[in-house]
Structures are given as structure tokens and as C-alpha cells.
Amino acid sequence: MSHDVVALVHGAPDVQATVSQMIAEGERVRLVPAESAVHLCGEDGRPMVSVEAPQFIEVPGEVERLVGPETAAQAGTPVWWVEARAASAIVGAADVARRFAEQVVQNCGGVLWAPTVGEPARHTPPGEEPVPFEPEPPAGEAEPDPPADEAGASAVHEEPAAEQVEPAAAEGTDGEGNQP
Amino acid sequence: MTQPIVDMVTDSAIVVMQDRPVVPFTTWISETLQMSGDSGRGLQIVTPSASRITMPLRLMLTGPNSRWVVREPHSGEYYDGLGGVRLLWDGAAFVPADPDDESLVPAFGLADPPDSSQLTLTFRVTNPATAQMQLGGSLERLCQALSDEPPRGWGTCEPIGRPWRRADVTELCRSRMPEPTWMFTIAGSERPAIASIRVSRSATGVEEWGTLVVGYGPDDEPPIIALPDIAGALAAEFQVVSMFAQMRSGRGDLTSPAHWEGLPAPVGMVVGPEGVNDAGVDRALNPPGGVARQLPSPAGPTVWYTLGDGRSSDGWTLFEKIMRHMRHGSQRDRVG
């Protein structure tokens, strides 16, 4: 499964409200502000998912350039770009990132994009060669490689990239661009 | 400060994994790059071999020990996505497997070079530090000349979200002074053009260091012949310190694949008043080869040098000869 997921939505997204909604529905995470993002942390306090500040994309062609024509056609312009990235070393983090993006799409209307490319970057069949991500990192700075079965599972191709979801509540594309 | 989530931090590198088809310079990568620079580490981005990287990411991934690491799917080997040398994990970072071995992994050379091409202009312009000064004018002029449109968007990372307005660009850079500002622009609907601009204060004003890359399809004729005139129009309006133009084969969409695309070949360069006066105007106008042409510029003597046709690598030799010729002039003046 991919570690990056992007919600391309029409209504102005509210990251904090979306996470609160997930928590109310039983997701066991908490929200921690980070530099220009927020982190969704697990019960042990480790950051599982980072969510970048939503960006309002007003430039025609830009979504297509980065995610391809099919998703771009569904997303349209202008559109809010909400990107979540899962910590690759934490089992289940990619699912949390995806559920978050799905919730944003459900709330604001739009399309979800999760990248699919030939073979995942970190897939290394067990026993084939030393996995380069096994060295012991300085304590507290990085996590070890996920178990081999996790890496193996990530070799399975994703389902089709884009899913159209109708807005749960009709919202305008108001709001201001939030780029620095 | 809470750090971005990355896949691995060692003493010498920050390693991140990306499995997107097109890997852009996102906010997250931008912050990770900042973190790696601040801590004296390289940023290493690992992708599958089918991924491509965007021009902004390619232009930013240049620091020491920073590289695009590609995994070859069949052998499981790693190689440098832009250079093709075999890499191995030394326990702290991906490093060339054998520093003395310059041979490239077979996977890097498998695909045919594209029949489309890219023109790259690197330029440096000084603006007076006045209240009325607006940045981005030189880039706007070049985009208009080369892609038939002014930039349509700008931003400090990708996606590039904001509509192009020079006042907005200027305001951001001003608010960040004396810190320099990096930004990216996109232009050209029919002919893609992407630029990075670094804006910083200098002793004489506000400098813009730009790299503009324009893509040309197999049937497009790159404007090699028109470049001296385009440079002349730029020098007539702006204080051009220097400019360099080169061509190479490359994808028309300006992304970089993890395989060989060909070597760049020079087209020409502009030397501004400082360089020309340093060498001496007569000397600057009489290079040891190629064609020199003085460009009308209110800033002072500015010269265009034709270095080649953008295909032949002979232009590099001529470039070195002209640079030696110019340096010799400035040394002689100092001795005299």
C-alpha cells in the first residue's frame, strides 16, 4: 500500500474537524501540531500520519501534471489539495492515512488519489539481498524496517487510483489560498 | 519543533521512500530538505525505477550526499536515477558502489533517448532595491519569448498553486528578507516551461538566480537562432549579470526518468557589464572562437557569445577557451 494519499476536494477542508470526526467514530489517534502540518499520533504517541496544510490550487494543468489526466479531470480546478503521508515503519499507518483522506473527500466532495507505480520502492523479497533499511538508526529518530510480510504485502497493486465521491454537504470553493 | 515524518535518519543522510509515478517537490520534501541541510545530512529519495521526478525536485536535490536512489526491479540493485552509477547502502547512506568505477548500470541505459528536447536557461539578474521594484520581470519576459505565455502559476513548492502575480511574488520575498527565497513557476500550455528562482539581497540590489527549462516536442524547432535576440531584449530591460543556454534531449513534459537521456550541449551565454569590464571591452568582443555580439544595455557593456548548436559537445571546449580568454584579460589588467 502506498504511503502517500491526496484528497482533491472542492469545499475548504477542515483538517482538525475531520480528525475529531474520525476520533468520535472510534479511530484511536490524537492530533499534534507540527511545522506546517499536523501529525496523527497513535496511542503510544508515535506520529503515524502527517497531514500537510491544505493548499488551494488555482493554476490550470497543475493537478494533471502531478497526478495524471484521469484524476485531474475528476478533480477540476480550482481545487483543494490535502496530502497525508503515513510513516512507513508503523503497521496500519497507511490505513489511517487513507481513512483520513476518504473522510476529507466525503466531507468536502472530490476525488481521492493514491499513487500506483510499477513496483513499490521498498519491496525486497526476504532472503534476496540485505535490506538497506535495517541499520540501527540513532535512538528515537527512525523506526526499523517493517516485518517482511508487510513489505511483501506492499507488492500487491493498488486498486484503481481515483474514486469519485459526491459531496456529503454542498460547499462552495471559497476560502483563501494558504501558500506562504 | 516537530520534525516531518521520514523513513530513516542516519548520521549522514535522511532517507525517504516515494512510490508515486511522478515525485514532486512537496511541502513535506521541502521541509525534509531543510532539515537535512540544517543538520549537515544528505537527502536521499528512494523510488521504484518506473517513477519520474519533477524539474523542481531535480533542481533542488543537489546538496552533498543528496541523490535520487532508484531500485532496479529485476536485480534488486540500487542506482543513481540521474547519473546511473551503481549504489550500495554503506550502513548510513546510499553511496557509489565503487568510486573508481564510472560505468553505468545496464538498466539506466536500456531506454532509447527521447526525441523531444529541453532548453535550459540559467540566468542572474540584479534589480535595484527600491520600494517600486517588482520581482519576476526577467522570468516573465523569457517565458513569454520561449513558451508564448507569461508564467501562469507560482509557489514555494509543488503543487504550484497560486496564480502568477509579480506583486505577490515580490511581497513574499520582501517579507522574508534578509533570508533568501526559493520559488517555482510554471508556464506554457502548449510548450511546458518550469522555472526555479532564488531571490536574495546582494551588495548592489536584489538578485534573481533563475533556471528556466522549456520542453520541445519532436516536431518543434528549439529557438536556437532567436536566442541572441531574446537575450538582447532581456539585457535592454534588465541588468543581466550572466546567462547560459544549453540543450539536451529530454522529455517534453520536463520530468526526469530513471534512465539515460543524453548529455547537454551549450548554445550560448551572456556576460554582463561586470564580467565584460573586468576582462576589457575589446578583449571581451574578440573571443578566441565563436561569435561575440554586443547587446544594447543601459546597464553597461553586455556581450552574447554563441557556443554551439545545442547538439555538439564541442561547445564546451569553446566555452572553456572563452572563459580563459576573459580571465586572462582581467589578470593582465590587475598586474598592469
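Some notes on this structure:
- Complete set of residues in the stretch B:199-218 that are modelled with pLDDT of 95 or more, open to solvent by 10 Å² or more (accessible area, probe 1.4 Å) and within 16 Å of B:Val240 (Cβ to Cβ): B:Glu207, B:Trp209, B:Thr211
- Taking the stretch B:67-90 as the range and being open to solvent by less than 30 Å² (accessible area, probe 1.4 Å) and aromatic (Phe, Trp, Tyr) as the test, the residues that pass are B:Trp68, B:Tyr78, B:Tyr79.
- Condition check for A:Val6: of a type in the set (Val, Ile, Thr), within 14 Å of another protein chain (Cβ to nearest Cβ) and part of a loop (DSSP other than H, G, I, E, B): no
- Of all the residues in the stretch B:30-65, those that are open to solvent by 20 Å² or more (accessible area, probe 1.4 Å) and either assigned to a helix (DSSP H, G or I) or over 18 Å from B:Ile197 (Cα atoms) (or both) number 18.
- Filtered residues of the stretch B:183-198 (kept if surrounded by fewer than 20 Cβ atoms within 10 Å (Cβ to Cβ) and over 14 Å from B:Cys143 (Cα atoms)): B:Arg198
- Looking across the stretch A:65-76, just one residue is surrounded by fewer than 18 Cβ atoms within 10 Å (Cβ to Cβ) and facing chain B (nearest Cβ under 10 Å), and that is A:Gly68.
- Taking the stretch A:28-37 as the range and being touching a strand residue (DSSP E or B) at 6+ places or on another chain (Cβ under 8 Å) and either part of a loop (DSSP other than H, G, I, E, B) or under 17 Å from A:Gln106 (Cα atoms) (or both) as the test, the residues that pass are A:Val29, A:Ala34, A:Ser36.
- When B:Thr10 is tested against (1) among the hydroxyl-bearing types (Ser, Thr, Tyr); (2) out of contact with any Cys (no Cβ under 9 Å at 6 or more places or on another chain); (3) more than 7 Å from chain A (Cβ to nearest Cβ), only condition (3) is not met.
- Looking only at the stretch B:244-285, residues that are open to solvent by less than 30 Å² (accessible area, probe 1.4 Å), assigned to a helix (DSSP H, G or I) and charged (D, E, K, R) come to 0 in all.
- Test result for B:Ala97, surrounded by fewer than 19 Cβ atoms within 10 Å (Cβ to Cβ) and in contact (Cβ under 8 Å) with a residue 24 or more places away in the chain: no
- B:Thr27 satisfies every condition listed in (1) more than 10 Å from chain A (Cβ to nearest Cβ); (2) open to solvent by less than 50 Å² (accessible area, probe 1.4 Å); (3) of a type in the set (S, T, N, Q) except (1).
- Residue match in the stretch B:122-131 (condition: within 13 Å of chain A (Cβ to nearest Cβ), over 20 Å from B:Met247 (Cα atoms) and modelled with pLDDT under 95): no
- Every residue from the stretch A:70-92 that is of a type in the set (A, V, I, L, M), over 22 Å from B:Ile45 (Cβ atoms) and assigned to a loop (DSSP other than H, G, I, E, B): A:Val91
- Among residues of the stretch B:114-170 being β-branched (Val, Ile, Thr) and more than 22 Å from B:Val270 (Cβ to Cβ), the one that is surrounded by the most Cβ atoms within 10 Å (Cβ to Cβ) is B:Ile160.
- B:Ile45 fulfils the conditions (1) free of Cβ contacts under 8 Å to residues at least 60 places away in the same chain; (2) at the interface with chain A (Cβ under 7 Å from one of its Cβ atoms); (3) under 24 Å from B:Glu77 (Cβ atoms) except for a single criterion, (2).
- Scanning the stretch B:151-165 for residues being more than 8 Å from chain A (Cβ to nearest Cβ) and within 19 Å of the chain's Cα centre (by Cα) gives a total of 3.
- Subset of the stretch B:54-91 that is within 10 Å of another protein chain (Cβ to nearest Cβ) and at positive phi - its residue that is modelled with the highest pLDDT: B:Gly91
- When residues of the stretch A:19-61 are limited to those that are of a type in the set (Ser, Thr, Tyr) and surrounded by fewer than 21 Cβ atoms within 10 Å (Cβ to Cβ), the one nearest to the other protein chains (Cβ to nearest Cβ): A:Ser36
The values are calculated or read from the model by the stated rules, or taken from the named source; none is laboratory data. Predicted, not measured: the structure shown is a model, and the values here were computed from it. Using ideal geometry, Cβ is built from the backbone for each residue, glycine included, and neighbour counts are taken over all protein chains shown. For the accessible areas, the whole protein counts, side chains as well, though only heavy atoms, and no ligand, DNA or RNA atoms are used. Shrake-Rupley method; radii C 1.70, N 1.55, O 1.52, S 1.80 Å.
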